[in-house]
Amino acid sequence: MTEIDRTGDRAPAPADWTYAPAPESRDVVKLRERYGLYVGGEWLEPSETYETISPASEETLAVVGQATAEDVDRAVAAARAAFENGWSSLPGSERAKYLFRIARILQERARELAVLESLNGGKPIKESRDVDLPLAAAHFFYYAGWADKLEYAFPNRRPRPVGVAGQIIPWNFPLLMLAWKIAPALACGNTVVLKPAETTPLTALLFCDVLRQAELPPGVVNIVTGDGRTGAALVEHDGVDKIAFTGSTEVGKAIQRRLAGTGKKLTLELGGKAANVVFDDCALDQAVEGIVNGIYFNQGHVCCAGSRLLVQESIYEPLVDKLRRRLETLRVGEPLDKNTDVGAINSAVQLEKIRELVESGREEGADIYQPPCRLPEKGYWFAPTVFTNVAQSYRIAQEEIFGPVLSVLTFRTPDEAVEKANNTPYGLSAGVWTEKGSRILWMAQQLRAGVVWANTYNRFDPTSPFGGYKESGFGREGGLHGLEPYLRFDG
Ligand code: NDP
């Protein structure tokens, strides 16, 4: 406990402002030593396995299956059987009941799932507890509402389910990405084979328990864990009617090439290098909070992270000064501590990628700032970083770093801001900070980005469509738009 200094007649004040540890209990999660593949409502014993770890401590958490092409084949067959034997012809109002149930169970078991998400992925517990879990439940609630209203969403177009959806998700928001994928697919009457990312399979496996609790018919959702080979087997399987992928642009392009000419439906949600544009008439302190949230939320492992800060020249110095001071207050460390702002980097591979790109920034001539902070000895960590003096051509201004690293550039006029913001192969998201409503609307029209946040950043809502332009992919998830990729139209 912080010691309170009560001497004299002064108001009591803490003698020491450091935070006492506030650990969330690990005991709410009961991990099994070994997990199989969830196929047709049963646990299938995998022929190959690997260990999944905690990136904060490098300890092994469980042994999970590495699904082979044969395993994927079984999962697709189970999904096909469930599709044909009742799920696709179930009235929408009945499907909705299952989705509502899943949403309620996610809420009831939120603490357990949040702890496991932080344990396996390294993200701060306050984020998995306050962002990932509530949003995952909200997606199921939201799409439950659409399940019996598809005819109204798409009038005179006779919406029908597509069939079996193959879904491949990344490691940055494991349970939330699962919800983004599974909820609309089931609402539309499809069945699913989902592959979680290699490094973060555990919440998807615990979710199978949620499905059993909700009494979802066997085979409607199948979960196959494994690495990229499992994903590739799913993409290549002839029995899959639609692929939904979130991950790197590189793998997204490979999937698109593989599916060309097959007639399979495809949505890709890929990388980003978002510009967060700050004008000199903005509320500066509010903008600094938005910048910090934009890039250090989830260690910067966010496809829509505001990783390029574009600052109007006239406020460059005060803004960078405030930003540095704010960085000094960020607490980096144990993901399960409720005070932690920046947790562990998801994997050794990702840490190496961040280090390599940061090194390129130094070599190309940018100035680096990292606040003094002690990083734990075990596990994968990277201090919050700001680069100033960055040229548009530097790799750190062009490539997705996917870590807690911000590149600061400047502009003089709104036209220059737009020019620089759009000068990237990506187009997923952007931020605008200004007092002027007219400028916000103008910027939103000029920026080639799927989402433009104004005087805020990283706000997500199931009713709002999300997706990119250019190399950030195509198709939308969320909202009414998010139903369309899971439907075919006969009318
Ligand atoms: P990947 O694109 O490799 O991973 C995304 C998912 O695709 C994972 O489930 C992965 O499995 C799977 N996968 C990998 N190869 C194939 C394949 N050939 N066919 C089908 N599925 C495949 O991203 P990484 O995890 O390698 O991260 C690399 C970079 O990608 C990051 O540094 C970041 O820049 C970006 N990224 C972007 C994300 C976004 O939300 N837009 C999310 C994650 C990463 P496995 O996990 O086993 O590799």
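How many residues does the stretch 389-420 hold that are in contact (Cβ under 8 Å) with a residue 60 or more places away in the chain and open to solvent by 10 Å² or more (accessible area, probe 1.4 Å)?
Counting residues in the stretch 389-420 that are in contact (Cβ under 8 Å) with a residue 60 or more places away in the chain and open to solvent by 10 Å² or more (accessible area, probe 1.4 Å) gives 8.
Of the residues contained in the stretch 235-243, one or more are found to be small (G, A, S) and open to solvent by 10 Å² or more (accessible area, probe 1.4 Å). Within the stretch 220-236, residues that are outside the structural domain of L178 (by TED's automatic domain parsing) and within 11 Å of the ligand (Cβ to nearest atom) reach no partner that is among the charged types (D, E, K, R) and at pLDDT below 95 with beta carbons closer than 8 Å at six or more positions or on different chains.
Per the conditions (1) in a helix (DSSP H, G or I); (2) open to solvent by 30 Å² or more (accessible area, probe 1.4 Å); (3) in contact (Cβ under 8 Å) with a residue 60 or more places away in the chain, the sole criterion not satisfied by N156 is (1). Looking only at the stretch 429-475, residues that are part of a loop (DSSP other than H, G, I, E, B) and β-branched (V, I, T) come to 3 in all.
For beta carbons closer than 7 Å, sequence separation of 6+ or different chains, a first residue in the stretch 104-116 that is within 28 Å of S57 (Cα to Cα) and at pLDDT 95 or above and a second that is part of a helix (DSSP H, G or I) and open to solvent by 10 Å² or more (accessible area, probe 1.4 Å), the qualifying pairs are R111/V28; E112/V28; L113/L206; A114/R129; V115/R26; V115/V28; L116/L206. Look at (1) modelled with pLDDT of 95 or more; (2) within 30 Å of R257 (Cα to Cα); (3) more than 16 Å from the ligand (Cβ to nearest atom) and you find that P384 fails only one, number (2). Consider D209 carefully, then state whether it is open to solvent by 10 Å² or more (accessible area, probe 1.4 Å), of a type in the set (D, E) and under 19 Å from the mean Cα position of the chain (by Cα). Judged against the criteria, D209 is not a match. Kindly check whether there is at least one residue in the stretch 357-376 that is more than 14 Å from the ligand (Cβ to nearest atom) and under 24 Å from T60 (Cβ atoms). Scanning the stretch 357-376 turns up at least one residue that is more than 14 Å from the ligand (Cβ to nearest atom) and under 24 Å from T60 (Cβ atoms).
Residues being within 7 Å of the ligand (Cβ to nearest atom) and on the phi > 0 side of the Ramachandran plot are entirely absent from the stretch 251-267. Do the conditions hold for S89, that is, is it under 22 Å from L31 (Cα atoms) and either open to solvent by less than 10 Å² (accessible area, probe 1.4 Å) or of a type in the set (S, T, Y) (or both)? Here the answer is no, as S89 does not meet what is asked.
If the condition is being open to solvent by 10 Å² or more (accessible area, probe 1.4 Å) and over 20 Å from the mean Cα position of the chain (by Cα), then the stretch 290-323 contributes Q312, E313, S314, I315, Y316, E317, P318, V320, D321, K322.
The values are calculated or read from the model by the stated rules, or taken from the named source; none is laboratory data. Source: prediction; values computed, not measured. Glycine also receives a Cβ, built like all others from the backbone with ideal geometry; neighbour counts cover every protein chain displayed. These area figures cover heavy atoms from the full protein model, side chains too; ligands, DNA and RNA do not enter into them. Shrake-Rupley method; radii C 1.70, N 1.55, O 1.52, S 1.80 Å.
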